[in-house]
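Written below as C-alpha cells is the structure these notes are about.
The values are calculated or read from the model by the stated rules, or taken from the named source; none is laboratory data. All figures in this text were calculated on a predicted structure; none of them were measured in a lab. Glycine gets a Cβ as well: all are built from the backbone with ideal geometry, and neighbour counts include every protein chain shown. Ligands, DNA and RNA are stripped out before the accessible areas are found, and what is left, the full protein with its side chains, is counted by its heavy atoms. Shrake-Rupley method; radii C 1.70, N 1.55, O 1.52, S 1.80 Å.
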Amino acid sequence: MHHAQNFPRRRRYKRHSLEQQEALLPFVRFCPGRTYRHYWQMPAPRKDYPADSAYGRECAAHLLQWLKDNREYVGKGLLSRVARDIDFDDRDGRGQWMGFFNYLEIMMLLGADRVRVYRHVDSQHQLYLALGQRFSLEARFRRIRLRNR
C-alpha cells in the first residue's frame, strides 16, 4: 500500500527485555534532561489533518503489534505512559493523537465484539481480588517466619 508520507518501518517487537521492546516503538525515545523514556515523541505535525491522523493510526498499529508480541506485559501501564506524555493542548499535534486513539477505539470494539464484556470484567475483578488475598497471606507467613527465627 502506498502512503503519501513516510511511516515508521513495520516490524515485530519480541525481544529479550521489556526495555529493548518498548524502545523499538516509533514514538518512544529518550529525551535530554529526562531520566526515563518519553512515550510520545512524534515527528513534527504536517499541519495536514488527514496525513497526521494517518500517522497516528500507524503508530497505534505499532502499539497493537507490540501488545500481540508481548502478551505478558499487557495490562502493565504502557498505554497510560503514552497518554501521560501526550501534550493534549498542542493543537498542531491533534491529528496525530486523534488518529492514534480513534484507531485504538476501533480495535477495542473489534475485540469487545468477541467477548461478553461484563462477564470478562467480573472475572478480572475476581482474579485481582484473589491475587490481593494471596499477597496478603504470603506477607503474613513471611512475618511469622521472621518472628520464629
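Out of R149, R116, one residue alone is at pLDDT below 95, out of contact with any helix residue (DSSP H, G or I) (no Cβ under 6 Å at 6 or more places or on another chain) and of a type outside the set (F, W, Y). It is R149. Pairing residues of the stretch 82-94 that are touching a residue at least 12 places away in the same chain (Cβ under 8 Å) with residues that are surrounded by fewer than 16 Cβ atoms within 10 Å (Cβ to Cβ) and charged (D, E, K, R), at Cβ distances under 9 Å and at least 6 apart in sequence or on separate chains, gives D92/K47; G93/D87. Just wondering, is there one or more residues in the stretch 9-24 that are over 28 Å from Y128 (Cβ atoms) and part of a helix (DSSP H, G or I)? Scanning the stretch 9-24, I find at least one residue that is over 28 Å from Y128 (Cβ atoms) and part of a helix (DSSP H, G or I), so the answer is yes.
Scanning the stretch 75-105 for residues being closer than 24 Å to L24 by Cα and open to solvent by 60 Å² or more (accessible area, probe 1.4 Å) gives a total of 11. Might you let me know whether the stretch 40-62 holds any residue that is surrounded by fewer than 19 Cβ atoms within 10 Å (Cβ to Cβ), touching a residue at least 24 places away in the same chain (Cβ under 8 Å), closer than 17 Å to P8 by Cα and within 13 Å of the chain's Cα centre (by Cα)? Yes, that holds for at least one residue.
Here is a yes/no grid of residues against (1) of a type outside the set (G, A, S); (2) closer than 30 Å to R37 by Cβ; (3) within 17 Å of the chain's Cα centre (by Cα):
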position: L78; (1), (2), (3): yes, yes, yes
position: I86; (1), (2), (3): yes, yes, yes
position: D89; (1), (2), (3): yes, yes, no
position: Q126; (1), (2), (3): yes, no, no
position: R147; (1), (2), (3): yes, no, no
